[in-house]
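**Q** My questions will all concern the structure given below.
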Amino acid sequence: MVITSPTLFARARGGDRYWKRRRILALSSHFFGRKQNCYSIAIKYVHRALRYGVRARKLKKADDRELWDTRINAGCFELGTKYSDMKAVMNDTGIALDRKILQNMAVWEPRSFRALASLTKVKQAEMGLNTLGSPPPSGVVTRGML
Amino acid sequence: MTSQTWNRFWGSTFVKAPLQNGVGRYVQQLQRITFKFCKTHGGSRGMRDFIEKDLIEFARMNPGVVVYLKPRRHRSSCLKAEYLNGGEEYISAHKQSSEEIKKWVEYLRTQSGYSVERLRKYQHTDRPSIQGPWTPWMHRDQCINIAEYPQEELSCAVKREKTATQELLEKSKIFVGVNNSS
């Protein structure tokens, strides 16, 4: 009688060390020195690179937004308004242009951007931004200085 | 897969069309297509079925494409497409059915000759600006172009806030206005 069950219980785990290392070394192909070819060195730097990648994907959005804000602010300042006023006026009039498009216009379509700035300057007077043109609310003493 | 790995192995490119194909007229970019197969081997069965059933119609629908058939013994079946800008595409059709090969042929028919790479941006324009890009003199008064220097008015500091004199003058006007009305 041949006993086959115990042999079937034996498991052949692993055996894919080469391919696991290949996956890591594929990601380190553009590194410098031993970091690109030697697995035990490469794995540390590959993990770091992947962490950087995850972090940078979030930071890129914030960096782009900051850059766009800077550009729009510069454009507004050149034309004699402020970005904060422009935001308020655009909100009031219902112009739904986002930062990406505004900075694109400031660079490539400057006359359209100037039209928006002119609209800001006119509308902010209507809305009462930066001035206290209407009679001050009760309880506020201005002595005519505001 | 990091982007550097992608670029190292497969490259990246911007969106482009050969000679702005499609902006005006559209010209089919496929120049010739070669069907290589074995007359007897089982792996070429799908290819042989395609040639018997669908190839004539393909040739009739695309009169601008040259179709070559290469029966080669002991070779697996494949498709080789060549395009007007010199690009090539090779697709192995080993053990594929005639429906799959038909889909691959349709894929090759609609490609441009550029290699398949990651697109860095999904838009491209040769003319990003209609009004002209910003220059430092765009929003300035044109009179500075013909001004003769030195000039008092243009050399003084830019005033961004009202001076005290101006404010007093404005206030006096309001005062006068109020007085006149009362």
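**Q** Just the residues that are within 14 Å of chain A (Cβ to nearest Cβ) and either in a helix (DSSP H, G or I) or touching a helix residue (DSSP H, G or I) at 6+ places or on another chain (Cβ under 6 Å) (or both), please, taken from region B:1-59.
**A** B:THR2, B:SER3, B:GLN4, B:THR5, B:TRP6, B:ASN7, B:ARG8, B:PHE9, B:TRP10
**Q** Scan region B:88-108 and tell me whether some residue there is surrounded by fewer than 10 Cβ atoms within 10 Å (Cβ to Cβ) and in a loop (DSSP other than H, G, I, E, B).
**A** No, the conditions are met nowhere in region B:88-108.
**Q** Quick one: would you say B:GLN111 is within 14 Å of chain A (Cβ to nearest Cβ), touching a residue at least 60 places away in the same chain (Cβ under 8 Å) and under 22 Å from the mean Cα position of the chain (by Cα)?
**A** No.
Results for (1) closer than 17 Å to B:THR5 by Cα; (2) assigned to a helix (DSSP H, G or I); (3) away from chain B (no Cβ under 14 Å), shown as yes or no for each residue.
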| position | (1), (2), (3) |
| --- | --- |
| A:VAL2 | no, no, yes |
| A:THR7 | no, yes, yes |
| A:ARG11 | no, no, yes |
| A:GLY14 | no, no, yes |
| A:TYR18 | no, yes, yes |
| A:PHE31 | yes, no, no |
| A:ALA49 | yes, yes, no |
| A:GLY53 | yes, yes, no |
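**Q** Still on this structure, I have one more. Kindly indicate whether B:LYS121 is exposed (fewer than 10 other Cβ atoms within 10 Å of the Cβ), within 14 Å of another protein chain (Cβ to nearest Cβ) and in contact (Cβ under 8 Å) with a residue 12 or more places away in the chain.
**A** yes
One line per residue, one yes/no per condition, for (1) more than 30 Å from B:GLY11 (Cβ to Cβ); (2) among the small types (Gly, Ala, Ser):
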position	(1), (2)
A:GLN36	no, no
A:ARG55	no, no
A:ARG71	yes, no
A:ALA74	yes, yes
A:LYS82	yes, no
A:ASP92	yes, no
A:ILE95	yes, no
A:ASP98	yes, no
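**Q** Does region A:65-86 contain at least one residue that is under 20 Å from the mean Cα position of the chain (by Cα), over 30 Å from B:VAL158 (Cα atoms), within 14 Å of chain B (Cβ to nearest Cβ) and surrounded by 13 or more Cβ atoms within 10 Å (Cβ to Cβ)?
**A** no
**Q** List, please: which pairs have Cβ atoms under 7 Å, are six or more places apart or on different chains, and start with a residue in region A:95-118 that is within 11 Å of another protein chain (Cβ to nearest Cβ) and over 17 Å from A:LYS82 (Cβ atoms) and end with one that is of a type in the set (A, V, I, L, M) and outside any helix (DSSP H, G or I)?
**A** Listed by first residue and then by second, the contacts come to A:GLU109/B:ILE130; A:PRO110/B:MET138.
Taken together, the values in this text are just the output of simple stated rules run on the coordinates, not laboratory data. Here the structure is a predicted model, which means the values were calculated and not measured. All Cβ positions, glycine included, derive from the backbone under ideal geometry; neighbour counts span all protein chains shown.
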